[in-house]
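Below is one structure, written out as structure tokens, with a few remarks after it.
The values are calculated or read from the model by the stated rules, or taken from the named source; none is laboratory data. In this text the structure is predicted, and so the values were computed from the model without any measurement. Neighbour counts run over all protein chains shown; Cβ positions are idealised from the backbone, glycine included. What goes into the accessible areas is simple: the full protein's heavy atoms, side chains included, and nothing from ligands, DNA or RNA. Shrake-Rupley method; radii C 1.70, N 1.55, O 1.52, S 1.80 Å.
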Amino acid sequence: MISVQQDDFDVGDQYRRLCEQAGEAGAVVFFVGRVRGGDGAVQALELEHYPGMCERQLQGFVDEARRRWDCRAVRLLHRVGRLAAGEQIVFVAVATRHRAEAFQAAHFLIDQLKTRAPFWKKEHCPDGARWLDAAANDVRAAGRWYADAVAL
């Protein structure tokens, strides 16, 4: 299940739905990302996307994860709009037969979201706003999933 939405999500509800889809899967791994902040450096994060294209790209990530690992169920939710520091922004959950596959598939999906997903992010700070690019360490992390990746 893929969703790009403005509304917040309930982690417990998403976990329950994943388990309903997963059948006899023995492992569930999920990740919840939140807007960094709390120290006053980041007040909000504004996310934009191209509807339709974005969801197709995210589905492609899920399809690739399913080809690599025996994923019994996958849920991927990403919020858009203006989100305050501390708000939930992303939920990625994977159910597989064994824990190693679940961890790998979830990590793969997060790496793809951080570097290849078509979201435009603007960080709002006390001294102004700026558009963000993928961090070099995120790009290196995502490159490990592809043998032909070029190191930065």
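Taken over region 1-12, the criterion of being part of a helix (DSSP H, G or I) and either open to solvent by 40 Å² or more (accessible area, probe 1.4 Å) or among the aromatic types (Phe, Trp, Tyr) (or both) is satisfied by Gly12 alone.
From the residues in region 118-140 that are touching a helix residue (DSSP H, G or I) at 6+ places or on another chain (Cβ under 6 Å) and assigned to a loop (DSSP other than H, G, I, E, B), which one is least open to solvent (accessible area, probe 1.4 Å)? Write out each step before concluding.
Restricting attention to region 118-140, the residues satisfying the condition of being touching a helix residue (DSSP H, G or I) at 6+ places or on another chain (Cβ under 6 Å) are 118, 134, 138-139.
Filter once more, so that each one left must be assigned to a loop (DSSP other than H, G, I, E, B): 118, 134.
Values: Pro118: 20, Ala134: 50 Å².
Among those residues, the one meeting the criterion is Pro118.
Out of curiosity, is Leu45 of a type in the set (A, V, I, L, M), farther than 16 Å from Leu109 by Cβ and touching a residue at least 40 places away in the same chain (Cβ under 8 Å)?
Values: of a type in the set (A, V, I, L, M): yes; farther than 16 Å from Leu109 by Cβ: yes; touching a residue at least 40 places away in the same chain (Cβ under 8 Å): yes.
Considered against the rule, which asks whether it is of a type in the set (A, V, I, L, M), farther than 16 Å from Leu109 by Cβ and touching a residue at least 40 places away in the same chain (Cβ under 8 Å), Leu45 comes out as yes.
Scanning region 74-116 for residues that are polar (S, T, N, Q) and in contact (Cβ under 8 Å) with a residue 60 or more places away in the chain yields Gln88, Thr96. Please find, within region 37-52, the residue that is surrounded by the most Cβ atoms within 10 Å (Cβ to Cβ) out of those that are assigned to a strand (DSSP E or B) and out of contact with any Phe, Trp or Tyr (no Cβ under 8 Å at 6 or more places or on another chain). Here the answer is Leu45. Checking each residue in region 14-36 for being open to solvent by 40 Å² or more (accessible area, probe 1.4 Å) and not in a strand (DSSP E or B) picks out Tyr15, Arg16, Arg17, Cys19, Glu20, Gln21, Gly23, Glu24, Gly26, Arg36.
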